[in-house]
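The values are calculated or read from the model by the stated rules, or taken from the named source; none is laboratory data. These numbers were taken from a predicted model, which means no experiment stands behind them. Note: ideal-geometry Cβ built from the backbone for every residue, glycine included; neighbour counts use all protein chains shown.
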């Protein structure tokens, strides 16, 4: 029996106007697999529109008005990996793509890029095109998560973004559990990015996975490569050429259309075009 593919996201306290760009972009991309959205807290109308768009919803509890509710002491950034692990432990997909929801759109069918590029490797990681030591938020986050000894070693590493993950289902399942377990005893609450980067910077991760550059056209991380409020600061330290806009599409410096665009809301002019396209 042929395995299906999956795109899945997780959101809490977002309404349809915030979710629709992610949802609509997936529906326009040509993706033919299953589509799932884990909704922790969402109003009834939002749930209805997500369902009507062809997405299965995973929720936890409903109140008397039919709104989804979920109370937790764990930050959603971290808790999502527990729910992803649980789902992938109970299912049998081929490829899985999981991304942030509010600031991500799919310009193309991700399965095409995966089939053409993954080969015999397990997962795809997406570069932010900058090293930890040159990105103040990430650098501080790494230091606060692990302390000065680990920070001093890993600050030289290129940053990869935890908000765009994809690859073989069984590999992603186990990575999600690793991130969740490693994050639960962290001294800071928002540590999914630093924990993820700590893990994948070491063997056997480095032997088994694809570390995609921005210029490969898989995914762009515009928070470091196009944010006009930071670009002057970051540009001397960027490890690649900058993404650019071609009409209403975000492309690499050589004109290759990105499959996934992340953090488009950081670039006001691009945001207008993307929201018009997928709204």
**Report entry** Qualifying residue in the stretch 36-57 (condition: part of a loop (DSSP other than H, G, I, E, B), modelled with pLDDT of 95 or more and under 20 Å from residue 168 (Cα atoms))
**Finding:** no
Report summary line: Considering residues that are more than 19 Å from the chain's Cα centre (by Cα) and within 22 Å of residue 100 (Cα to Cα), the number found within the stretch 250-269 is 2
Query raised in the report: Does residue 221 count as farther than 25 Å from residue 115 by Cβ and buried (at least 18 other Cβ atoms within 10 Å of the Cβ)?
Result: no
Query raised in the report: Within the stretch 173-201, can you find the residues that are under 17 Å from residue 132 (Cβ atoms) and under 16 Å from the mean Cα position of the chain (by Cα)?
Result: 190, 191, 192, 193, 194, 195, 196, 197, 200
Report summary line: residue 147 fails exactly one of (1) touching a residue at least 12 places away in the same chain (Cβ under 8 Å); (2) on the phi > 0 side of the Ramachandran plot; (3) over 16 Å from the mean Cα position of the chain (by Cα), namely (1)
Query raised in the report: In this structure, does residue 165 turn out to be more than 17 Å from residue 213 (Cβ to Cβ) and not in a loop (DSSP other than H, G, I, E, B)?
Result: no
Requested in this report: Could you tell me which residue of the stretch 154-173 is surrounded by the fewest Cβ atoms within 10 Å (Cβ to Cβ), considering only residues that are under 17 Å from residue 4 (Cα atoms) and out of contact with any strand residue (DSSP E or B) (no Cβ under 7 Å at 6 or more places or on another chain)?
Outcome: 170
Report task. Just name the residue that is farthest from the chain's Cα centre (by Cα) out of those in the stretch 51-63 that are more than 30 Å from residue 178 (Cβ to Cβ) and surrounded by fewer than 16 Cβ atoms within 10 Å (Cβ to Cβ). Result -> 63
Query raised in the report: Looking only at the stretch 59-81, which residues are under 18 Å from residue 194 (Cβ atoms) and not in a loop (DSSP other than H, G, I, E, B)?
Result: 76, 77, 78, 79, 80, 81
Report task. Return yes when residue 88 is over 25 Å from residue 213 (Cβ atoms), under 19 Å from the mean Cα position of the chain (by Cα) and touching a residue at least 24 places away in the same chain (Cβ under 8 Å) and no when it is not. Result -> yes
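For (1) exposed (fewer than 14 other Cβ atoms within 10 Å of the Cβ); (2) touching a helix residue (DSSP H, G or I) at 6+ places or on another chain (Cβ under 9 Å), each residue gets a yes or a no:
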| position | (1), (2) |
| --- | --- |
| 9 | no, yes |
| 14 | no, yes |
| 28 | no, yes |
| 39 | no, yes |
| 49 | no, yes |
| 65 | yes, yes |
| 87 | no, yes |
| 90 | yes, no |
| 97 | no, yes |
Requested in this report: Output the residue which, of all residues in the stretch 224-243 that are farther than 15 Å from residue 270 by Cβ and touching a residue at least 24 places away in the same chain (Cβ under 8 Å), is surrounded by the most Cβ atoms within 10 Å (Cβ to Cβ).
Outcome: 234
Report summary line: Going through the stretch 102-139 in order, the residues found to be more than 29 Å from residue 156 (Cα to Cα) and in a loop (DSSP other than H, G, I, E, B) are 102, 107, 108, 109
